[in-house]
Amino acid sequence: MHEQFNKILESEPIEASAPCRIDMGGTLDIATFYYPLHHQSPCTFNIALGLRTRVRLQPYTKGMIRISSSGFKDAQFKADAAPFDHPLGLMFATAAYFNAGGIHIEIESQSPPRSALGGSSVAAVALVAAFSKLMTHGKSDVGLDRRATALLAYQIEQSVAGVPCGIQDQLAATYGGVNAWYLQAKPIGPTFKKRCIVGKNFQHDLERHLLIAYCGKPHVSKDINGRWIRQFLSGRYRDLWLEIIACTHRFVAALAEKDYNQAAVEMNRETAIRRTLTPDVLDNIGEKLVAGARQNDCGARFTGAGGGGCLWALGEIENIDRLRPLWEKTLLARDEARLLEVKIDSNGLIVY
């Protein structure tokens, strides 16, 4: 099998790419939460961004797997002994699922490393799609569809992460667009329902209502996510999680109606609740960005599990235009911190 892969890749390297995301109502896509709270219809909202992660498969030394990824040191191991607890362990685990060897995996990301935009999950989605294409090369079988790709990437990550995982990153990466995801608490899970909130024809207008800031500090989502999970399991703050669900529902309804002021109110309420749960979900730069957004009648929220990484803002265009120079000035206080380009991706996963 390994030799067969090598011959295919020598004649035609395979590439796939997928977008990262900004989000609202995260954590609710983790089974720990959406199963016991299913009667409240929890949902997670996200926007796929034009910041894409590209994966390329090339031939390599027989029996070896090498991974080169922007922001990480190159790593190579024997295919049957690659560590899954390595910083690139998810990629090695994905390769192992497909029994791959003699392959060099190149990963290039347009988003900053560890920026809480879902980058590692996005890379895994693209890698699953690339290996699926490789497996079906020259066959009538078209490989995995979008749904299967997202679910497989999620299940592989869940199997090696060491902590409970959500599925929203894989869904945004696979489908693209501006969507709310309703996780279904069924025995065959995870299953989901997709609701498009802003259609492709209106996404360019939405871009003018958004700001995205990279705080210049790599995030560590396991710590904050872990505390949320432990609190929830112990019975603490259940009322606040119900309010987070309600905030997300109201946010989705407001954005669908282009009521940016109300959507901003719900964003700020949700962020305030998360700060009650874990005050360090925002670092000092993040606190200043959120305060500036509120002062200019915009909503602001961290991405992913916070603790550094990125924040995004939403508001009426004139409010966003006032906020932009304030955020730019605030970000000057830290190296590499900057505003990121706001471009919504409607394509999702692409296999080349």
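The values are calculated or read from the model by the stated rules, or taken from the named source; none is laboratory data. Here the structure is a predicted model, which means the values were calculated and not measured. A quick note on method: Cβ atoms are made from the backbone with ideal geometry, for glycine too, and the neighbour counts reach across all protein chains shown. Remember, those area values only see protein heavy atoms, side chains included, never the ligands or the DNA or RNA. Shrake-Rupley method; radii C 1.70, N 1.55, O 1.52, S 1.80 Å.
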Legend entry - Residue satisfying all of: in segment 292-313; at pLDDT 95 or above, out of contact with any Phe, Trp or Tyr (no Cβ under 6 Å at 6 or more places or on another chain) and among the aliphatic types (A, V, I, L, M); nearest to A16 (Cα to Cα) among these: A313
Legend entry - In segment 103-138, residue nearest to C310 (Cα to Cα) [restricted to those that are among the hydroxyl-bearing types (S, T, Y), part of a loop (DSSP other than H, G, I, E, B) and within 16 Å of the chain's Cα centre (by Cα)]: S115
Legend entry - Residue that is most open to solvent (accessible area, probe 1.4 Å) [pool: residues in segment 133-148 that are in contact (Cβ under 8 Å) with a residue 24 or more places away in the chain, under 13 Å from F98 (Cα atoms) and not basic (K, R)]: M135
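Can you say whether K193 is surrounded by fewer than 22 Cβ atoms within 10 Å (Cβ to Cβ) and either within 14 Å of the chain's Cα centre (by Cα) or not in a helix (DSSP H, G or I) (or both), as far as the supplied structure shows?
Working: surrounded by fewer than 22 Cβ atoms within 10 Å (Cβ to Cβ): yes; either within 14 Å of the chain's Cα centre (by Cα) or not in a helix (DSSP H, G or I) (or both): yes.
Against the criterion (surrounded by fewer than 22 Cβ atoms within 10 Å (Cβ to Cβ) and either within 14 Å of the chain's Cα centre (by Cα) or not in a helix (DSSP H, G or I) (or both)), K193 qualifies.
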Inset, instruction - Read through the list (1) in contact (Cβ under 8 Å) with a residue 60 or more places away in the chain; (2) in contact with a Ser or Thr (Cβ under 9 Å, 6 or more places away or on another chain); (3) open to solvent by 70 Å² or more (accessible area, probe 1.4 Å), then give the number of the only condition that V351 fails. - result: (3)
Inset, instruction - Look at segment 248-286 and say how many of its residues are farther than 19 Å from T303 by Cβ and among the small types (G, A, S). - result: 3
Inset, instruction - All but one of (1) outside any helix (DSSP H, G or I); (2) of a type outside the set (G, A, S); (3) open to solvent by 40 Å² or more (accessible area, probe 1.4 Å) hold for L242, so report the exception by its number. - result: (1)
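Would it be correct to say that E157 is in a helix (DSSP H, G or I), more than 20 Å from C43 (Cα to Cα) and open to solvent by 10 Å² or more (accessible area, probe 1.4 Å)?
So E157 fits the description; yes.
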Inset, instruction - Answer yes if at least one residue in segment 83-101 is more than 30 Å from A263 (Cα to Cα), among the β-branched types (V, I, T) and modelled with pLDDT of 95 or more, and no otherwise. - result: yes
Inset, instruction - Just give me the residues in segment 277-319 being surrounded by fewer than 24 Cβ atoms within 10 Å (Cβ to Cβ), assigned to a helix (DSSP H, G or I) and in contact (Cβ under 8 Å) with a residue 60 or more places away in the chain, in sequence order. - result: I285, I317
Legend entry - Residue in segment 255-276 that is nearest to G216 (Cα to Cα), counting only those that are of a type in the set (K, R) and open to solvent by 20 Å² or more (accessible area, probe 1.4 Å): R275
